[in-house]
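Take a look at the structure below.
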Amino acid sequence: MPSAAGSADAVDPLVVAYNDSGDESLLVRAEGLARGLLAEDPSRVDVLAALSTVLMLRGRASDPARLDAAVAVATKATALTSPDDPWWPYVNAQLASVVGFRFEHRREVSDLSVARRHADVAVAAAGESDPLRTDVLIRCVNVYRLSFERFGRLADIDTAVRLSREIHRSTDPDHALTARQLLALCLVMRFARTGGRRDLDEAIAHCRDGLAAMPERHVDRAALNGVLVIALVQRWVSADGDDADLHEAVRVSRRVVEDLPAVGAVRAQLLATHGALLVMHGLSSNSSRHLDEAIRSTREAVDSPTADTQRAGHLVNLAHSLLVRARMSSDPAGVSDAVETGMAALAGFSPGHPDRARALNVLGMALRTRYLIAHDPADLDAAVGMWRSAAASRAGAVEIRMTAARTWARTAAEAGDAELALEAYVAAVELLPLLAWRGLDRAVQEKRLTTVTGLAGDAAAWVVAAGQPERAVELLEQGRQVLWSQALQTRSDLSELAAVAPVLADELDRTRRELDGAEAAQLVELPAHPGWELGRDLLTSALGGPHRAETEDAGHRRRLAERWEQLVAEARRRPGFAGFLRPPSFADLQPATAGGAAVLVNTSRWRSDAIIVTADGVRAVPLPWLSHDTAQQRAVAFLKAQRAVEEGGGPAERVALRQTLVTLQRWLWDTVGEPVCAALDDVLGSAPDRRHRVWWCPTGPLTMLPLHAAGRFGASAPLAAKRRISVAARCVSSYTPSLTALLRARAASASPGPPRAFAVGLGVLPGQAPLPAVSDELRAVSSHVPGLRVLTGRNATVEGVLTALGQHGWAHFACHGDQDFERPSAAALRLVDGRLSVLDLAGRLAARSRSAGGADLAYLSACRTAAGGRDLPDEAIHLTAALQMAGFRHVIGSQWAVSDRVAAQVADDVYAGLRAGERLDADTAAVALDRAVDRVRRAHPDRPELWAALIHTGP
């Protein structure tokens, strides 16, 4: 077998020269040399590998048919090599590379599977001391990148980055340029998934260094410039609009287009990308000049010789660009041009093509705009038809489908068409489980759900308006708490199916993952301006994203969508799974309210209502004085006041928090508390001293406000109680993230015998304010709970606490807690060796078996453990909900920071109230907390910041 140094050394320099110059005649010479060497010895795998590279490059340059020959030659090299041959890793890597390149060209998923299999073999076989290891890694990195792009698995792009870094560390100068290209592209793609700013900055640096070292006519110069454009646009967006990055991106993109040959599908795609970028530039600068250039660029892409479906895709971009310009210039003729172009685009897609949904959506927007100008009802009817078809598109990207459904719903609502709005909102809510499918990465799920914040509340508002409160309850249940069931690995339909039909469950998950994989790699999130959604198309196109008009891949996605529906139908035919992946019905949910009433307080831009659910029925109570915008403003002001105190504020900040809270209590009583309590008296019956058992289930900004503390207390709590002008005087309050959560907590069995309990106490932690009352609190809890195990100091570790949670049914935490309102999944308890987060708790506890029986009570005497996220209020992503979803029937937590002295006093009183004779009864937790808080309230009626933070979640 020839050595690495002597193998194909007559061919390789010609390939390098071609890369530097783009002169295809060099490839012709290289192919001739390689074939001559093989004529002398057909078994030379080094020459076969070199020939496959030459054929692949010729296929890219001018003759796509040569790609099959490249794959055939690489396959022969692999067949001639045994696993113990030193060339085994290299020939597998070469085959992975050429098959991966053919996948990029044809989008046949079977090619990607073959490429990934050979890449795995090559990387595993190439040892650290293998002289060809760097060459092996260079050929495999792109395969892992493509796998990430197609299937959306974050581990694939992490592998691509790791291998690229290893190549970059290589001392071989010949690999330096390739390493920069690979690493820059992979870092940009990973940034899109994780939001890690350092990835983006590093990618831009690698692009600039690579371009500086690259010959002007290098064949990959345009591609690397394209990555730089994407990275600059990403940074422009993530930095809230640093125009220097946007301007540089436009300059680079313009230069790329100018330097490319005058024909070819690649030029057409880059022209379309450049056009989309110019649209964004025009919108940000309010410049029609940039929009005119964008339209010229996109028209050139349309007129280029490309496949029919590629041309249709460019026509969609052109229609969108025309619509944006027409809106900016108030040009009715431009809107009609957009409609006509959109019609032409739609005609270019087959009925099941995945990009057809995008064309339908853009055409719908153009028709609606024309309706607003000319008031022709036919245009509005046609727009609704477009959106309805887009939302129902089985193969369409779920984000496009959701955009269409929401635009349809908003248009119908603004027109006052209740029936049509109801249909559209139901369609949108039904897409939520797919939008945040459990196979996607957490960051992608949260980003996607952030774009539809308030959807469930809007849907419920219109259903209530239609006189269907039961259906409103179902939609609120379906449209909220999506992440708990899909991402935190708690109990779900799919996991239940896996227990009885694991093969079917696995295929369902794999099919959904593949359908969503490309969309999961969304590369940019832009502000909500007309036309800015083109940014996603820009970056997807620039990276050669999946299902970009290739008919083979479009057909594959169509088949996947059909397979998904077949698998769901098969699951529903199994005994006990008729409701598989269907939301619970009102009849299923109603038993959760036994012994009281659940009050779903819904606020939306359209109307606000309290929906009272009892064992006997449901009633919608209009809340005409509750404005969604005002609720949002009150929530923001309340959070701001909390932060001012928690970030070291002095007496002035504490007084401001108190005043904000007192004003908030009164507003909540006037807008929500008083009308709800009056309705509860009517539904459940009233008596002078009767207090109703209530579970609050708010939506939107109300999830951040203390509904249970609504009232006019002033300086006299006894007077307020006597006049019954507070929720506390009329109700024993608990909260529930959802009726399903409450139902699950009711169904769970209590621990038999005395409680197995443990407590965590950390009064002193580096960088945190001391909690001097923690030791008193632990002594108080120990006095009420026999056999309490206490973890303090070095024993209060993350792993130690997780282990204890798996062994005990009662848990008490006296320590600091954190809540990140921008990233609620980062909420955590601070322990001696790190942070115990929402995801740690939910993932670990849901997976473990409870051999010790049920879990009764978790008491979180820590700051902000029941405060959710600002941008995802309906997901209830906080520690209190995490512990309940993980199996604890009752959880006590705090909505904001509490004085540790007051927390210790309340904990003492709560545990004393749990005692029933010689035992502790967790089922009295709500009443025990109510009484303990009442003691503090009577002592400090004018200081609600001391007593209103603690809440109970559970039955």
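The values are calculated or read from the model by the stated rules, or taken from the named source; none is laboratory data. Every value quoted in this text rests on a predicted model; they were computed, and no experiment measured them. For neighbour counting, all protein chains shown are included, and Cβ atoms are generated from backbone atoms with ideal geometry for every residue, glycine included. Side chains included, ligands, DNA and RNA excluded: accessible areas come from the protein's heavy atoms. Shrake-Rupley method; radii C 1.70, N 1.55, O 1.52, S 1.80 Å.
From the list 511, 593, the lone residue that is in contact with a Ser or Thr (Cβ under 6 Å, 6 or more places away or on another chain) and either open to solvent by less than 40 Å² (accessible area, probe 1.4 Å) or modelled with pLDDT under 65 (or both) is 593.
Give all pairs with beta carbons closer than 7 Å in which a residue from the range 685-710 that is farther than 26 Å from residue 449 by Cβ and outside the structural domain of residue 670 (by the TED database) meets a residue that is open to solvent by 10 Å² or more (accessible area, probe 1.4 Å) and part of a strand (DSSP E or B); count only pairs at least 6 apart in sequence or on separate chains. Pairs found: none. One residue is enough: does the range 620-630 have a residue meeting the conditions over 19 Å from residue 673 (Cα atoms) and either out of contact with any Pro (no Cβ under 8 Å at 6 or more places or on another chain) or not polar (S, T, N, Q) (or both)? No - not one qualifying residue is present in the range 620-630. Residue count for the range 649-665 satisfying the condition of being within 12 Å of residue 897 (Cα to Cα) and either touching a strand residue (DSSP E or B) at 6+ places or on another chain (Cβ under 7 Å) or open to solvent by less than 70 Å² (accessible area, probe 1.4 Å) (or both): 1. When you check residue 729 against the structure, is it surrounded by fewer than 24 Cβ atoms within 10 Å (Cβ to Cβ) and either on the phi > 0 side of the Ramachandran plot or modelled with pLDDT of 85 or more (or both), yes or no? Criteria met by residue 729.
Restricting attention to the range 390-402, report how many residues are open to solvent by 10 Å² or more (accessible area, probe 1.4 Å), more than 11 Å from residue 427 (Cα to Cα) and in a helix (DSSP H, G or I). Counting residues in the range 390-402 that are open to solvent by 10 Å² or more (accessible area, probe 1.4 Å), more than 11 Å from residue 427 (Cα to Cα) and in a helix (DSSP H, G or I) gives 2. Meeting the requirement of 3 or more residues that are in contact with an Asp or Glu (Cβ under 8 Å, 6 or more places away or on another chain), the helices (runs of 4 or more DSSP H) wholly within the range 620-705 are 628-646, 651-668. Mind counting the residues in the range 629-657 that are farther than 18 Å from residue 944 by Cβ, acidic (Asp, Glu) and modelled with pLDDT of 85 or more? Summing the residues that are farther than 18 Å from residue 944 by Cβ, acidic (Asp, Glu) and modelled with pLDDT of 85 or more in the range 629-657 gives 1. Among the residues making up the range 799-852, those that are of a type in the set (Val, Ile, Thr) and either open to solvent by 20 Å² or more (accessible area, probe 1.4 Å) or modelled with pLDDT under 80 (or both) are 803, 832, 838.
Condition check ((1) modelled with pLDDT of 90 or more; (2) of a type in the set (Asp, Glu); (3) open to solvent by 30 Å² or more (accessible area, probe 1.4 Å)) across all residues:
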site: 324; (1), (2), (3): no, no, no
site: 338; (1), (2), (3): yes, no, no
site: 366; (1), (2), (3): yes, no, no
site: 371; (1), (2), (3): yes, no, yes
site: 385; (1), (2), (3): yes, no, no
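Every condition in (1) under 15 Å from residue 860 (Cβ atoms); (2) in contact with a helix residue (DSSP H, G or I) (Cβ under 9 Å, 6 or more places away or on another chain) is met by residue 784 except one, and the failing one is (1). When the range 929-955 is filtered for residues that are touching a residue at least 60 places away in the same chain (Cβ under 8 Å) and more than 14 Å from residue 898 (Cα to Cα), the ones remaining, listed by number, are 930, 934, 938, 941, 942, 952, 953, 954, 955.
Checked against the criterion of being polar (S, T, N, Q), at pLDDT 90 or above and open to solvent by 40 Å² or more (accessible area, probe 1.4 Å), the range 561-568 has no qualifying residue. Can you name every residue in the range 201-219 that is surrounded by 15 or more Cβ atoms within 10 Å (Cβ to Cβ) and more than 17 Å from residue 168 (Cα to Cα)? Within the range 201-219, 218, 219 qualify.
Counting only helices (runs of 4 or more DSSP H) that sit completely within the range 8-115, those holding 3 or more residues that are in contact with a helix residue (DSSP H, G or I) (Cβ under 6 Å, 6 or more places away or on another chain) and buried (at least 21 other Cβ atoms within 10 Å of the Cβ) correspond to 24-40, 45-61, 66-79, 88-106. The residue of the range 598-619 that is farthest from residue 672 (Cα to Cα), among those that are among the small types (Gly, Ala, Ser) and surrounded by 23 or more Cβ atoms within 10 Å (Cβ to Cβ), is 598.
The set of residues in the range 165-217 being of a type in the set (Val, Ile, Thr) and closer than 20 Å to residue 144 by Cα consists of 167, 178, 188, 194. Take the residues in the range 286-295 that are of a type in the set (D, E, K, R) and surrounded by 14 or more Cβ atoms within 10 Å (Cβ to Cβ), then tell me which one is nearest to residue 254 (Cα to Cα). Among them, the one singled out is 293.
Regarding the range 427-450, can at least one residue be identified that is open to solvent by 40 Å² or more (accessible area, probe 1.4 Å), aliphatic (A, V, I, L, M) and under 27 Å from residue 511 (Cβ atoms)? The answer is yes; a qualifying residue exists. Selection over the range 116-136 of residues that are in contact (Cβ under 8 Å) with a residue 40 or more places away in the chain and part of a helix (DSSP H, G or I) gives a count of 7. For the range 738-789, a residue qualifies if it is open to solvent by 10 Å² or more (accessible area, probe 1.4 Å), at negative phi, modelled with pLDDT of 85 or more and not in a helix (DSSP H, G or I), and the qualifying residues are 756, 786, 788, 789.
In the range 905-928 there is at least one residue matching the filter, namely being among the β-branched types (Val, Ile, Thr), touching a residue at least 40 places away in the same chain (Cβ under 8 Å) and surrounded by fewer than 24 Cβ atoms within 10 Å (Cβ to Cβ).
Contact map, the range 320-345: residues that are within 19 Å of residue 274 (Cβ to Cβ) and of a type in the set (Lys, Arg) paired with residues that are assigned to a helix (DSSP H, G or I) and open to solvent by less than 50 Å² (accessible area, probe 1.4 Å), Cβ distance under 7 Å, separation 6+ or inter-chain. Pairs shown: 325/291; 325/295; 325/334.
Applying the condition of being small (Gly, Ala, Ser) and on the phi < 0 side of the Ramachandran plot to the range 666-691 and asking which residue is surrounded by the most Cβ atoms within 10 Å (Cβ to Cβ) yields 673. Being of a type in the set (Val, Ile, Thr), under 26 Å from residue 772 (Cα atoms) and open to solvent by less than 20 Å² (accessible area, probe 1.4 Å) is a property that does not hold for residue 898.
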